[in-house]
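Read-outs throughout are calculated quantities, based only on the coordinates presented, and are distinct from any laboratory measurement. The model shown is predicted, which means the values in this text are computed figures rather than measured ones.
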Amino acid sequence: MISMRYGGIPVVANTGGLHDSVKPAAAVGHGFLFQPGNAAAFLSTLLEALDCYKDAPLWAALQRRAMSEDFLGKSPSKPTGIFIVAL
């Protein structure tokens with residue numbers, strides 16, 4: 001997910017944390033997912049990613065969406081309650 005901060009677009013197996021972290025590009029997300037253990041699904045997804053790469057404006061938008069994600073938790077948090085200070 002760190003590579004996404006620099007415009008890297010993931011092509012990943014749809015498992016575990018990757019399923020939760022990578023949103024499909026076709027659904028206005030920022031990556032490409034395929035079913036694990038399925039070579040045909042991997043090839044199809046890879047070809048989909050390459051087609052997207054050939055469309056420069058579409059690829060740039062995909063990169064912008066990927067770079068705007070915050071997987072490291074560095075965006076400022078909003079106040080959620082009252083702080084108690086012991087003196």
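Derived value for segment 2-68: Kirkwood hydrodynamic radius 11.9 Å. Basis is the mean of 1/r over every pair of different alpha-carbon atoms. Gain on full extension, evaluated as 0.36 nm per residue between V28 and S3 minus their Cα-Cα distance, stands at 7.1 nm.
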